[in-house]
Amino acid sequence: MLFTDRAPVAADLVVGADGAHSIVARHLAGGPTNRPAGIIGFSGRTLLADLSASERRRLGPRSGLVVGPRGTALYIGFLDPLGDAVRATPPTAGMGAGAAIRDAASLAEHLTASTAGTTTLSEAIHRFETGMRERGGEVLTLAMRTVRWILATDTTLGAAATAVGAPVLAAAARLLRH
């Protein structure tokens, strides 16, 4: 690997765990690896009028929650991204850090098998990536379901339906508990 601030390093494997705006994933994919999900908020709303002018300019017309590519294999050679570097998890799933930790543990397990000689490095990486895509798909499906609900309520009709429906559903849930 070549660095801008130190001497080159030779390695059998490079792991890219550099977050949602990953330079590693961008290099592997040949371009951006995430896109805006199009939601304003995920746990509440702030009226635009309550934000300063500079904050309104910074946010633009919508907020910038990012979602990674669906099932895209980014492995090229022995450079392997994990966690948010390969698929940023929207906060609506509440699993971003957990997914990254799970990815790291899985990669360590597969690399241990390679080091022990029970599999090749290429096969270990392939197995890791297969599992990561399956796990990542499940987490993204869950997160995006919530994003779709948020977007559906971010309309005049959706807001009205939520204002009427939420109290009714809450009352029904209380009745069912008693």
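Per this entry, Val168 is counted among residues that are assigned to a helix (DSSP H, G or I) and exposed (fewer than 13 other Cβ atoms within 10 Å of the Cβ). Going through (1) of a type in the set (Ser, Thr, Tyr); (2) surrounded by 15 or more Cβ atoms within 10 Å (Cβ to Cβ); (3) free of Cβ contacts under 8 Å to residues at least 60 places away in the same chain one by one, Thr141 falls short only on (2).
For region 3-35, filtered to residues that are touching a Ser or Thr at 6+ places or on another chain (Cβ under 8 Å) and of a type outside the set (Val, Ile, Thr), the residue that is nearest to Ala105 (Cα to Cα) is Gly16. Screening the candidates Ala116, Ala163, Ala143 for the property of being among the aliphatic types (A, V, I, L, M), over 24 Å from Asp18 (Cβ atoms) and modelled with pLDDT under 85 yields one hit, Ala163. When restricted to residues that are surrounded by 16 or more Cβ atoms within 10 Å (Cβ to Cβ) and over 22 Å from Ala11 (Cα atoms), region 101-130 contains 1.
The values are calculated or read from the model by the stated rules, or taken from the named source; none is laboratory data. These numbers come from a predicted model, not from an experiment. We place every Cβ from the backbone using ideal geometry, glycine too, and count neighbours over all the protein chains shown.
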